[in-house]
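K.L.:
Okay, handing you the structure first.
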Amino acid sequence: MEPFYVERFMFYKGRKLYGLVLRGHSRPGALEHTTDILVRHGIDITYLSLGPMRRGERGSLVLFLDFTEADVKPEELAEEFEALEFIEKAEVIKPRFEGFIADEVSFPIMLGSHRALIFSEPALRGFFIEFREHLGSGGEAMLYHIGREVGAERGRHINEEAERMGINSLRDKFIIGEVIFKSLGYGIPQTMDFNEDPPFFKMRVYHCIECGLGRDVGRPFSHYVRGVIAGFASEIFNRDMLVEETKCIAMGDPYCEFEVKPKERSRRTGW
């Protein structure tokens, strides 16, 4: 399994980096035509990000380009692209410093139809490690409840979208949740047991990002991710669910394992 890199900015010492944002309409062969032009001018693509574009719809392509050995200036390249029938606008992103480029044009960041924010590992370390060290058990409780609300929102969204597409099975909704959990970088989930009535499931999470930051602490470390699972499960099962982490990579286990079962009373009377 290979990592996926989301490059909103880039450092490349000694290279002449520029950004280029192309806005236009999707059509077969458009991307190939675009890359052919770049190759012809001796331009190296250091990063490419294509927003979701259904055929015929308008969208954008963000490129970080190395012009060190190019035979054309960025502004001339933009004019060449704007002459193409499927390109409405080509916008050059000029570097603030040589060897550093960032996408200063595209804002906000969107994940589907929702605005998003990207956290790197150093920021997450402050959130998962320093935060709880400053606040102790109170910080851990806060992390759990923040995660629970995040998971509940994700569960509501998946419920709505799945039912809109005619997917009503609880297990199928969980499969969607597992795939999204992995695609967003939380870890690699594997459901071991699943039961609808009474609701219960056991999930292993390999490479859990939260517990990976707390390695060797000798105790279950997940509070935020545990809360995410609890909130999501509560929405999908329509009951208030409890989550216990029974294995954890922070204790030396090969994976984290969570057991999820309901409280005795329903979370929302009448649901």
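K.L.:
What's the total number of residues in region 125-181 that are of a type in the set (S, T, N, Q) and either at positive phi or touching a residue at least 12 places away in the same chain (Cβ under 8 Å) (or both)? Write out each step before concluding.
P.N.:
Applying the first criterion (of a type in the set (S, T, N, Q)) to region 125-181 yields 137, 159, 168-169.
If we keep only those that are either at positive phi or touching a residue at least 12 places away in the same chain (Cβ under 8 Å) (or both) too, we end up with 159.
Matching residues across region 125-181 total 1.
K.L.:
Give the residue that is nearest to ILE249 (Cα to Cα), with candidates limited to residues of region 192-206 that are surrounded by fewer than 16 Cβ atoms within 10 Å (Cβ to Cβ) and in contact with a helix residue (DSSP H, G or I) (Cβ under 8 Å, 6 or more places away or on another chain).
P.N.:
My answer is PHE194.
Here is a yes/no grid of residues against (1) over 30 Å from LYS16 (Cβ atoms); (2) of a type outside the set (Val, Ile, Thr):
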{"position": "GLU98", "(1), (2)": "no, yes"}
{"position": "VAL105", "(1), (2)": "no, no"}
{"position": "HIS114", "(1), (2)": "yes, yes"}
{"position": "SER120", "(1), (2)": "no, yes"}
{"position": "PHE128", "(1), (2)": "yes, yes"}
{"position": "GLU133", "(1), (2)": "yes, yes"}
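K.L.:
Would you pick out the residues in region 44-74 that are aromatic (Phe, Trp, Tyr) and either exposed (fewer than 13 other Cβ atoms within 10 Å of the Cβ) or touching a helix residue (DSSP H, G or I) at 6+ places or on another chain (Cβ under 7 Å) (or both)? Step through it out loud before you land on a result.
P.N.:
First, pick out the residues of region 44-74 that are aromatic (Phe, Trp, Tyr): 47, 64, 67.
The answer is PHE67, and nothing else.
K.L.:
Still on this structure, I have one more. Could you pull out the residue among ARG115, ARG132 that is at pLDDT below 95 and either buried (at least 16 other Cβ atoms within 10 Å of the Cβ) or in contact with a Gly (Cβ under 7 Å, 6 or more places away or on another chain) (or both)?
P.N.:
None of the other options fit; the residue is ARG132.
K.L.:
Looking only at strands (runs of 3 or more DSSP E) that fall completely inside region 175-271, which ones have 1 or more residues that are hydroxyl-bearing (Ser, Thr, Tyr) and under 24 Å from the mean Cα position of the chain (by Cα)?
P.N.:
Values: elements: 188-196, 199-206, 241-247, 256-262.
Filter on region 175-271 gives 188-196, 199-206.
The values are calculated or read from the model by the stated rules, or taken from the named source; none is laboratory data. Small disclaimer: the values here were computed from a predicted structure and weren't measured. Please note: Cβ atoms are built from the backbone with ideal geometry, for glycine as well, and neighbour counts cover all protein chains shown.
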